[in-house]
Amino acid sequence: MDSDNSILPETNNNSILKRNFKIIGAICVIAIVIASFYVLVYSDNSGIDPEFAKENAFLPEANLQYWYVSYLTDTSLYNFEVYLKNSDTEYIITGSDGNPYTLTFYDEGDKTYAKLEGENVESPPEEISIHFDIKSFIPTDPFTSIPETVGYVYLDEIYLLFSAWENEGVENQQLAYGMSSIAEAVGKQVQDLDKIMIQEIDDQNYVDIYENKIGTPTKPVIYLMTEPAGAYKNNIVIPFDGLIILEMPNYEEIRLFSLLVGEIIAPSSTGGTG
């Protein structure tokens, strides 16, 4: 009896030990599987997908604060605050007298005209060279915020980005003229020209803007977006502080548009506005 009783506890201990080893082994296997899963997931998602960044980097951080429609005649650049937009060519604007007016753009032959109409008022059509919208989602008027962004005293760097056409024809020649005009205006505001970075936009730029590494008050971005990158209408858009997007789908208008943008960036004493 004594010898039998001495064997039973040892057998039970072995069984318990084997069972514990199996449990520990199973836990280790599960831990390895879980660890492998996390390594796989986090290694695959350690960086931002450039396509995701491209779709989300320019999203406004607030509601629309300012909206102007601008057009250039032979004598002046007119800027009117938009109250309502009925179509791509018809706006309800606020005049300098505070009253609403209907502003209509229309083509006649190879020329474009602007016409203002109000209650008991109708101005004769004026031939114009270009018209565009200015939309800002920050609380400062764009005619103030744009030069302030470029001339910020604590500027580290400023990025002048552009999207080019695939060919090397007249489209990119006009783009080069446009970027030169913008760079010249920026150079008037930036004290250290070495802080100006000019390049074609790439995937890393989209990611950096999305991650707030650039496109900030100390590292602002001015991006000339052309038709290949999705520009569809003449626009200046400020989605958040530090990012200015210049949309220009028609290469034939880039040069003139960039000159006008340059006048906003670094206003001259000869620039006329209405």
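The values are calculated or read from the model by the stated rules, or taken from the named source; none is laboratory data. Here the structure is a predicted model, which is why all the values come from computation and not from measurement. Neighbour counts are summed over all protein chains in view; Cβ atoms, including those assigned to glycine, are modelled from backbone coordinates with ideal geometry.
The residues of the stretch 230-253 that are closer than 14 Å to residue 161 by Cα and more than 12 Å from the chain's Cα centre (by Cα) amount to a single one, 248.
The C-beta contact set for the stretch 210-239 (first residue exposed (fewer than 14 other Cβ atoms within 10 Å of the Cβ), second residue outside any loop (DSSP other than H, G, I, E, B), distance under 7 angstrom, 6+ apart or interchain) comprises 233/247. Scanning the stretch 165-210 for residues that are part of a loop (DSSP other than H, G, I, E, B) and polar (S, T, N, Q) turns up 167, 191.
Got a sec? Which of 129, 180, 87, 123 is under 25 Å from the mean Cα position of the chain (by Cα) and over 23 Å from residue 201 (Cα atoms)? Of 129, 180, 87, 123, the one residue that is under 25 Å from the mean Cα position of the chain (by Cα) and over 23 Å from residue 201 (Cα atoms) is 87. Residues in the stretch 35-50: is at least one acidic (Asp, Glu), assigned by TED's automatic domain parsing to the domain that holds residue 161 and modelled with pLDDT of 50 or more? No, that holds for no residue.
Just so you know, in the stretch 104-131 the residues that are in a loop (DSSP other than H, G, I, E, B) and not charged (D, E, K, R) include one that is farthest from residue 64 (Cα to Cα), and it is 109.
Against the list (1) surrounded by fewer than 18 Cβ atoms within 10 Å (Cβ to Cβ); (2) part of a loop (DSSP other than H, G, I, E, B), the condition residue 155 fails is (1). Only one of the listed residues (190, 186) is buried (at least 17 other Cβ atoms within 10 Å of the Cβ), modelled with pLDDT under 95 and on the phi < 0 side of the Ramachandran plot. That residue is 190. Within the stretch 137-162, no residue that is under 13 Å from residue 189 (Cβ atoms) and not assigned by TED's automatic domain parsing to the domain that holds residue 218 sits with its Cβ atom under 6 Å from a residue that is among the polar types (S, T, N, Q) and assigned to a loop (DSSP other than H, G, I, E, B) at 6+ positions apart or across chains. You will find that of 91, 68, 101, the residue that is within 30 Å of residue 212 (Cα to Cα) and either in contact with a Lys or Arg (Cβ under 9 Å, 6 or more places away or on another chain) or in a strand (DSSP E or B) (or both) is 68 and no other. Does residue 116 satisfy being within 30 Å of residue 241 (Cα to Cα), out of contact with any Gly (no Cβ under 6 Å at 6 or more places or on another chain) and not aromatic (Phe, Trp, Tyr)? It is false that residue 116 is within 30 Å of residue 241 (Cα to Cα), out of contact with any Gly (no Cβ under 6 Å at 6 or more places or on another chain) and not aromatic (Phe, Trp, Tyr). In the set (1) in a loop (DSSP other than H, G, I, E, B); (2) surrounded by 12 or more Cβ atoms within 10 Å (Cβ to Cβ), residue 139 fails one condition alone, (2). Exactly one residue out of 194, 133, 203 is within 20 Å of residue 252 (Cα to Cα) and either in contact (Cβ under 8 Å) with a residue 60 or more places away in the chain or out of contact with any Pro (no Cβ under 9 Å at 6 or more places or on another chain) (or both), and it is 133.
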